[in-house]
Amino acid sequence: MNTKAGQHHKMKLVEVQPGRFFALETSVVPGTRFRFNCRVEPAGGKAKLSQMVEIKGLLGPIMQGMMGPQVSKEFPTLLANLARKAEAG
């Protein structure tokens, strides 16, 4: 995952429902686990992606309030990068 701020975070694919859903996880902050739940929907011969993030772990509740809005701002960039990779191959 590459962010607008130039940060890079390794992601792990943790769940897949082919053509419908996938989930990615990363640990951005020690004591937390960020899970990105991504839904795939048909959209006129293409696919529409939507995403929700859950922040879990010992510091999850604190980070949800502090970082949730910032992570949400990154969604358009993250989804565009993901779509580009999926379309390439």
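Once both axes come from the Cα atoms, what is the angle between helix 60-88 and the longest principal axis of the chain, in degrees from 0 to 90, rounded to 10? Around 30 degrees separate the two axes. The listed peptides 50-60, 8-18, ordered by packing as a protection proxy, come out as 50-60, 8-18 (highest mean of other Cβ atoms within 10 Å first).
The amide H of V14, built 1.01 Å from its N in the peptide plane, has A23, L24, E25 as neighbours under 5 Å, considering only residues 5 or more places off or on other chains. Radius of gyration over Kirkwood radius for segment 19-58, both on Cα atoms: the Rg/Rh ratio is 1.15.
When only the Cβ of Lys, Arg, Asp and Glu is charged (+1, +1, -1, -1), the dipole of the chain relative to its Cα centre reaches about 100 debye. The three principal axes of the Cα atoms in the chain give end-to-end lengths of 41, 27, 20 Å, sorted in falling order. Mean sequence separation of contacting Cα pairs (under 8 Å, at least six apart), scaled by the length of the chain, corresponds to a relative contact order of 20 percent.
Remark: the R20-M66 segment gains 13.5 nm on full extension, using 0.36 nm per residue and subtracting the alpha carbon distance.
The numbers here are math on the coordinates, done by the rules we state, and not lab data. Worth saying up front: this structure is predicted, and the values here are computed from it rather than measured. Cβ coordinates were reconstructed from backbone atoms using ideal geometry, including for glycine residues, and neighbour counts include every protein chain displayed.
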